Amino acid sequence: MVRVLKPDSNIYQLNTHKSRISLHTLIDQCFNGKSNIALIQEPPLKNGSVIGFPPPLSCLQTGQNPRAIILHNPSLEIWQLPHLSDRDCQTSIWRGGFSKPIILISAYWDINFPTIPPLLKKAVTEAAENSYGLILGIDANAHHPAWGSPNSNVRGHLMETFLNDHNLNILNEGNKPTFHRINCNTHIDITAASNAVIPLVRRWEVLEEEMFSDHSCLHTTLNPAKTFKRKYLNLKKTDWSIYVKELNKVDWPKINLTSATEIEANCNYLTEHLNKALTAATPIAYITGTHRKESWWTEDLRQLRRELRSFPRSPNFQSPDQKKNIKPLKQTIPK
């Protein structure tokens, strides 16, 4: 892998409310360049697994019906920590060329759970014990003035105490709501970072862009991180005639195998030459680190899609004007 220095590392945080449209919008609008990470809560699911993220983006998820995941460009060296991950707490380690690795946590605190999730406590504690940096993005379903809420509740006091006890700094600034519904605007999404990460943070903000979710997207900008150009064998373009030719050059021994040691040694010999022949017959391809956008997809089409999806899905909830306008709008968008 070749290390490449790129400007600005972007960490996005969004509860997509199980909406594939919301996840698509986040990726389309924000995942530019090769150094992007998304801490997602309540992702879109199908048959128990996450859907809606285009290749070659990597998705870290655990178990059936996960409620917390991490998306990232494959050019970033981010690895899942399975022993610190479950469906509500996704934990990974990011080696971005900083002085210390950074632990990334995407978490969802269920409104029906009265205490801080045990695995979240364990992940934060282990990061501190190893002197790693830490960035936490959580849908806490909790209220406290520390992250902009005008009032507080029991869950808010629990979360605020938890963050203080573990020396985590709340990055939320101002009083801009992160959750919106009719007659309800509040602050329940939190971004927190350890003391080691604070010098790397350039900016934190609530994005204005519409994400087709009842949550706003939070954006944290960090100092540049190192990315990697990953290579692999493109098996779709393997020249099998060369593969056979390379294997025919090998001096295959004719022996009787009488022991487990001989069997193992000959299996290793076979594997080694099969791999050499495959490498000789197959071109190398590189993962760019960015997801591919279709050439026919334009900004005009994106705006039309946004306008169409702003209409309530059910005709029962559409106003007379919306019912009148939605048909010609659908006809405008190509199939």
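Only the coordinates and a few stated rules stand behind these numbers; no lab work does. All values derive from a computational prediction rather than experimental measurement. Don't worry about glycine lacking a Cβ; one is built from the backbone with ideal geometry, like all the others, and counts go over all protein chains shown.
The GluC sites (Glu not before Pro) of region 162-247 meeting both criteria, a DSSP state outside H, G, I, E and B (loop) and at most 15 other C-beta atoms within 10 angstrom of the site's C-beta, are Glu173, Glu208, Glu209, Glu210. For region 1-91, a/c is not less than 1.5, where a ≥ b ≥ c are the root eigenvalues of the C-alpha gyration tensor, and a/b does not top b/c. That puts it in the oblate class.
Between the amide H of Asp86 and those of Thr91, distances stay under 5 Å, these residues lying 5 or more places away or on another chain, with hydrogens modeled in the peptide plane. Magnitude of the charge dipole for region 194-253, about its Cα centre and with charges confined to Cβ atoms of Lys, Arg (+1) and Asp, Glu (-1), is about 600 debye.
In sequence order, region 197-205 has phi-based couplings of 8, 3, x, 8, 7, 9, 7, 10, 7 Hz under the Karplus curve 6.51 cos²θ - 1.76 cosθ + 1.60, θ = phi - 60°, and Gly or Pro positions carry x. Listing Val124, Val197, Val154 from fewest to most neighbouring C-beta atoms within 10 Å gives Val154, Val197, Val124. Here the spin labels are modelled as points 7 Å beyond Cα on the Cα-Cβ line, and at Asn153 and Ser241 they lie 7.1 nm apart. Number of Lys-Lys pairs in region 2-228 with C-alpha atoms under 30 Å apart and a separation of 8 or more places or on different chains: 20. Residues Asp139, Asp214 in ascending order of nearby Cβ atoms (within 10 Å, fewest first): Asp214, Asp139.
One chain, two ends: Glu129 and Asn183. Fully extended at 0.36 nm per residue, the span grows by 15.1 nm beyond their Cα-Cα distance. I'd like the FRET efficiency for Tyr269 and Trp79, computed as 1/(1 + (r/R0)^6) with the beta carbon distance as r and R0 of 41 Å, rounded to 0.05. Rounded to the nearest 0.05, the efficiency is 0.80. The Cα center of region 21-88 and the Cα center of region 109-178 differ in position by 21 Å. Only bridges with both residues in region 2-228 count here: give the DSSP antiparallel percent, nearest 5. Approximately 80 percent, going by the DSSP bridge assignments. Model label points for Asn256 and Asp28, set 7 angstrom from Cα along the Cα-to-Cβ axis, are 7.0 nm apart.
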